[in-house]
Amino acid sequence: MKDPVIRVLLIEDDPMVLEINRQFVEQVEGFEVAGVASNGSEGMKMIHKEKPDLALVDIYMPNKNGLETIAQIRAEGYSTDVIAITAASDIETVRRIRQLGAIDYIMKPFKADRIKKALANYRDYYLKLQDKETISQQELDAIIFQGSIEEKKQLPKGLNAHTLEKVVAFLKEQKEAISAEQVAEGIGIARVTARRYLEYMEQTGSVKIHIEYGGIGRPINRYVIV
């Protein structure tokens with residue numbers, strides 16, 4: 001079944017920035033611009049009318065600023081998620097925006113790659129929650145920490161943050177060191193794939209290897225999370 005299209009509302013008082021944001025959103029597969037607004041008051045009317053999945057909200061705007069707008073979205077119970085896009089860099093504003101539930105915070109000026117990464121992370125989060133009534137701790141951890149490892153370290157080609165988080169979450173559940181084969185079976189990936197992630201984690205100091213010597217044959221590497 002084809003993934004649903006994520007509908008985005010742009011709330012920005014600068015026409016030039018608004019057009020740039022529109023172009024960035026339209027360049028990312030799976031997203032469409034549901035509407036635009038030049039201030040928070042207009043933005044709330046659009047949210048009431050269109051009920052978008054996501055709103056990109058500027059903070060410094062006339063006629064209801066971004067903080068007031070995000071607070072109203074939450075107070076009125078709309079399910080619209082928020083990404084703040086703003087020149088504000090002071091800690092108090094950053095903290096307040098996070099407290100209001102914004103899922104990302106992008107500082108102006110920004111490059112196309114940064115907003116595209118934010119949208120890709122949101123799409124992954126959005127699709128994971130589709131048609132779910134309950135969620136496991138492992139699945140929740142993968143959502144919460146989505147992109148965190150990738151942002152801190154440049155992953156080698158062929159590895160992705162989502163699978164890496166699944167490997168990390170699975171290892172955290174184990175009470176003793178386990179083999180690559182057990183990891184592969186536990187999260188449903190190929191053994192050679194599991195070994196690649198474990199070798200990367202060993203190189204970066206995320207796991208320790210316990211070498212198990214047995215009878216005939218090669219010793220078995222068993223891995224434990226650091």
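Of all residues in region 92-117, those satisfying the criterion of being in a loop (DSSP other than H, G, I, E, B) and either of a type in the set (Gly, Ala, Ser) or more than 22 Å from Arg22 (Cα to Cα) (or both) are Leu100, Gly101, Ala102.
Farther than 16 Å from Glu139 by Cα and in contact with a helix residue (DSSP H, G or I) (Cβ under 6 Å, 6 or more places away or on another chain): which single residue out of Ala161, Ala194 fits that description? Testing whether each residue is farther than 16 Å from Glu139 by Cα and in contact with a helix residue (DSSP H, G or I) (Cβ under 6 Å, 6 or more places away or on another chain) leaves just Ala194. The residues of region 25-41 that are touching a strand residue (DSSP E or B) at 6+ places or on another chain (Cβ under 9 Å) and within 20 Å of Ala88 (Cβ to Cβ), listed by number, are Ala37, Ser38, Asn39, Gly40. Taking only region 168-223 into account, find how many residues are under 20 Å from Leu155 (Cα atoms) and not acidic (Asp, Glu). So the answer is 27. Considering only residues in region 52-70 that are at pLDDT 95 or above and more than 22 Å from the chain's Cα centre (by Cα), the one that is surrounded by the most Cβ atoms within 10 Å (Cβ to Cβ) turns out to be Thr69. Filtering region 58-110 to residues that are in contact with a Phe, Trp or Tyr (Cβ under 8 Å, 6 or more places away or on another chain) and among the hydrophobic types (A, V, I, L, M, F, W, C) leaves Ile83, Ala84, Ile85, Ala87, Ala88, Val94, Ile97, Ile103.
Within region 4-51, the residues that satisfy the criterion of being surrounded by 17 or more Cβ atoms within 10 Å (Cβ to Cβ), among the acidic types (Asp, Glu) and free of Cβ contacts under 8 Å to residues at least 60 places away in the same chain are Asp13, Glu42. When the helices (runs of 4 or more DSSP H) confined to region 127-210 are screened for residues that are modelled with pLDDT of 80 or more, those reaching at least 1 such residues are found at 161-172, 180-187, 191-203. Annotation: of all residues in region 71-91 being in a helix (DSSP H, G or I) and at pLDDT 90 or above, the one that is surrounded by the most Cβ atoms within 10 Å (Cβ to Cβ) is Ile73.
The values are calculated or read from the model by the stated rules, or taken from the named source; none is laboratory data. All figures in this text were calculated on a predicted structure; none of them were measured in a lab. Positions of Cβ are generated from backbone atoms using ideal geometry, with glycine treated the same way; all protein chains shown enter the neighbour counts.
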